[in-house]
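Rule-based calculations on the coordinates, nothing more; no lab input. Note that the structure is predicted; figures quoted are calculated from it, not measured. In this analysis, Cβ positions are derived from the backbone assuming ideal geometry, glycine residues included, and neighbour counts consider all displayed protein chains.
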Amino acid sequence: MYLQMKKQILLWPDALNYIPFNISSHQNWIIVLILKPNADKRLFSSISFFIYNIFYPFMNRKQSIADSALALFAERGYESTSTQLIAKAAGVSEALIFKHFGNKEKLLAFVIKEGYKRIVEHNRGMFQDKEPLDFIYTVIELPYKLVWEEPQFWELQYRLLDMEISMNQHQRFMQPLHAMLVKAFKDLKYEFPEKETELMLVFVEAFWKYLIAHRDDKKNKYLEMQQFFKSKYPAAK
């Protein structure tokens, strides 16, 4: 039998010539149980008990802490949110936060990194196989899409603009766009593709911050602004 978690596989010593017996999934974790045809089913029962009564609750508590931290950091700010408050919101002991994350700073780093990872995975492929102009339009649509899909995360990022962990992760997230935009503008025969790229990235950065600061406004207003910016890039140049 073996246990598969994310991209790691932990093998039991006798994990040879096994066939699939049961598959179970939970959030980002995938657990695959494989038993020999003649394996003792009590082994499966024991492992199932461990998964559903120990492993899943353990991971649920960690995720609950991270989710509560994200909500509170976004609403109150990092400095104004104590680990006691996070523990109360998550329904766990404060000691469990330290057990999972070490301290509040590491908890914040986890929330930010997991947030960007979640966003990248959710939007994977959105820029692939695009014509140059369609790619530019997709970049223009990016701020609105991101903010309305993950409002709490981008509210947190808005509050943490000056923190190194936030800036570093955001730069890594945005970095691939530069080269792709330059290529798109070159393909469209723009005279200054590098400058066009810088202007586009300024728009993206400014617009998601504007959306966070004015989220109570009507959405149509943002869509009209988005469309107006698109009109600056006609099909033929």
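Measuring between alpha carbons in the structure, the pairs from Lys113/Lys230; Lys88/Lys209; Lys195/Lys232; Lys195/Lys219 lying more than 20 angstrom apart are Lys113/Lys230; Lys88/Lys209; Lys195/Lys219.
Between the alpha-carbon centres of the range 92-155 and the range 173-219 there is a gap of 18 Å. Diffusion coefficient (Stokes-Einstein, Kirkwood radius over C-alpha pairs, 4 °C, 1.567 mPa s) for the range 123-230: 88 µm²/s, rounded to a whole number. Neighbours of Lys99, meaning other residues whose beta-carbon lies under 12 angstrom from its beta-carbon, give a summed charge of +2 when Lys and Arg score +1 and Asp and Glu score -1.
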